[in-house]
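Below: the structure, in structure tokens.
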Amino acid sequence: MAGRTARAAARARRGRPPRLLRGARPHALLRRSRLTAAPGRRHPPGRSPSASRSQQVTKGPRGSRVPSIEPRVVAEGGATVDVEALRSFLAVARHRSISKAAADSYVTQPAMSQRLRRLEDSLGFALFQRGWKGAVLTPQGAYFLPYAAQLMRDLSNASAVLGKQDPSRPRSFTEVAGHPHKVVFGVDNWLSERSVRAVVSSALDVYGADEFRVTSRPATTLIDLLELNQLDAGLFYSTEADHPFRTDVIGTEDMALVHPPGTVLEEVSAPAVKELLSRYRFVLFDNPVLTHHARITTTLIETYEISRFHVVDDYRTMHALIRLGECITVVPAGVVVGDRGQRATDLPSSRLPGLLPQINITVGVSDAGRDHGVTEAFAASVARFLDEDPPGTPDAGPPGTG
């Protein structure tokens with residue numbers, strides 16, 4: 001046994017795929033690799049001369065070989081992360097032990113450790129602290145884990161919807177994945193309902209209701225989909241001047257201070273804003289808002305010397321914390337002003353014209369969108385509908401609440 005372990009470790013150091021633990025089941029291996037194996041493709045035993053480094057052939061029991069392709073995700077800064085490494089990371093986090101995770105995944109412990117090291121090298125930070133208590137997530141690992149789990153869940157969901165046809169497959173899967181091509185419009189999920197109405201109304205001017213669909217996603221996702229030509233046009237908050245597709249800025253919004261009930265911004269001035277901000281913890285939104293609004297948020301924190309924070313990833317949590325008198329925050333004014341001047345929230349809010357950078361409302365059209373007949377007129381149409389359905393100014397209230 002010691003000899004086999006030593007040989008496995010030597011193979012891992014040389015970069016060769018390790019032999020699986022005795023007793024591993026081929027059907028279990030296929031089940032675990034169903035998200036990574038390309039359907040309908042077969043590979044010869046071993047690594048062929050034309051095989052890429054992202055392709056790995058794993059030797060199974062009794063010399064059998066199970067092909068597995070490990071697609072790589074390109075992270076910020078160009079780092080690449082393969083899906084199998086993410087699966088290994090989640091397994092170690094679940095078991096809090098590399099050896100238990102390796103046994104559950106039917107790989108050797110040295111192979112599991114090597115996957116983690118490669119993942120950590122790609123990311124540029126340690127995911128686990130290894131000690132006699134086992135593998136404990138570092139602060140960076142704990143922050144990274146929900147992103148890895150969400151990615152694997154998204155891949156699993158997509159695989160389920162796009163899987164093979166069989167009588168037990170839900171009809172809804174076919175309706176979603178098997179519909180004929182439609183023109184797809186996107187709306188930033190931070191924009192108000194009136195923005196959605198403007199997009200839908202503009203689409204109905206050109207297309208029938210069965211010829212298009214609308215998806216609501218974070219602005220960063222819409223921008224990615226437009227660049228990838230998987231979205232025809234999108235309406236989103238924009239903090240950057242340049243995008244790799246056609247854009248039209250159709251409006252701008254001031255930022256607004258949202259504060260607890262019973263509080264008042266005495267005047268719209270930097271000293272008054274700084275004094276009110278100093279009383280409470282500041283609600284700081286995590287991703288995707290964190291990175292997308294980084295320029296505005298950085299200016300806000302530095303200008304008003306904010307030092308106490310409460311991090312959230314959901315508007316409803318922000319609302320609850322402010323309503324209970326614990327926190328305060330700043331968001332685009334359109335987020336808190338609803339249809340025809342009515343507040344989207346009953347919390348007091350104060351516009352901050354001239355005190356912080358404005359945020360653009362932008363229409364983007366991809367190359368695919370132009371091919372599908374979406375022209376510059378779409379942006380003009382959205383702008384016209386927004387002008388005809390203005391948010392206006394909230395009803396008069398105490399000074400500084402409008």
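The values are calculated or read from the model by the stated rules, or taken from the named source; none is laboratory data. Bear in mind the structure is a predicted one, so any value in this text is a computation, not a measurement. Heads up, the Cβs are rebuilt from the backbone with ideal geometry, glycines too, and the neighbour counts pull from every protein chain shown.
For segment 242-257, filtered to residues that are touching an Asp or Glu at 6+ places or on another chain (Cβ under 8 Å) and either touching a residue at least 40 places away in the same chain (Cβ under 8 Å) or aromatic (Phe, Trp, Tyr) (or both), the residue that is surrounded by the fewest Cβ atoms within 10 Å (Cβ to Cβ) is 243.
Restricting 167, 146 to those that are over 27 Å from residue 213 (Cα atoms) and part of a loop (DSSP other than H, G, I, E, B) reduces the list to 167. If you go through segment 344-371 and keep only what is surrounded by fewer than 20 Cβ atoms within 10 Å (Cβ to Cβ), assigned to a loop (DSSP other than H, G, I, E, B) and not aliphatic (A, V, I, L, M), you end up with 345, 346, 353, 354, 357, 358. Contact map, segment 360-372: first residue within 23 Å of residue 292 (Cα to Cα), second residue of a type in the set (Lys, Arg), Cβ cut-off under 7 Å, separation 6 or more or different chains; pairs are 364/246; 365/246. Of everything in segment 122-155 that is among the aromatic types (Phe, Trp, Tyr) and either under 16 Å from residue 99 (Cβ atoms) or outside the structural domain of residue 95 (by TED's automatic domain parsing) (or both), the residue that is surrounded by the fewest Cβ atoms within 10 Å (Cβ to Cβ) is 132. It is to be established whether one or more residues within segment 98-121 are at pLDDT 90 or above, surrounded by fewer than 20 Cβ atoms within 10 Å (Cβ to Cβ) and either within 22 Å of residue 288 (Cα to Cα) or assigned by TED's automatic domain parsing to the domain that holds residue 224 (or both). No, there is no match, as no residue in segment 98-121 is at pLDDT 90 or above, surrounded by fewer than 20 Cβ atoms within 10 Å (Cβ to Cβ) and either within 22 Å of residue 288 (Cα to Cα) or assigned by TED's automatic domain parsing to the domain that holds residue 224 (or both).
Selection within segment 220-241: residues that are more than 13 Å from residue 365 (Cα to Cα) and exposed (fewer than 13 other Cβ atoms within 10 Å of the Cβ). The member of this set that is modelled with the lowest pLDDT is 241. Filtering segment 258-276 to residues that are crowded, with 17+ Cβ neighbours inside 10 Å, under 22 Å from residue 324 (Cβ atoms) and not hydroxyl-bearing (Ser, Thr, Tyr) leaves 258, 259, 260, 265, 273, 276. Can you say whether residue 201 is hydroxyl-bearing (Ser, Thr, Tyr) and either assigned by TED's automatic domain parsing to the domain that holds residue 290 or under 16 Å from the mean Cα position of the chain (by Cα) (or both), as far as the supplied structure shows? It is false that residue 201 is hydroxyl-bearing (Ser, Thr, Tyr) and either assigned by TED's automatic domain parsing to the domain that holds residue 290 or under 16 Å from the mean Cα position of the chain (by Cα) (or both). Per the conditions (1) touching a residue at least 12 places away in the same chain (Cβ under 8 Å); (2) within 25 Å of residue 251 (Cβ to Cβ), the sole criterion not satisfied by residue 298 is (1). Only a single criterion out of (1) in a helix (DSSP H, G or I); (2) farther than 30 Å from residue 370 by Cβ; (3) β-branched (Val, Ile, Thr) is not satisfied by residue 136, namely (1).
A single member of 276, 235, 231 is in contact (Cβ under 8 Å) with a residue 40 or more places away in the chain, more than 30 Å from residue 181 (Cβ to Cβ) and out of contact with any Cys (no Cβ under 8 Å at 6 or more places or on another chain), and it is 276.
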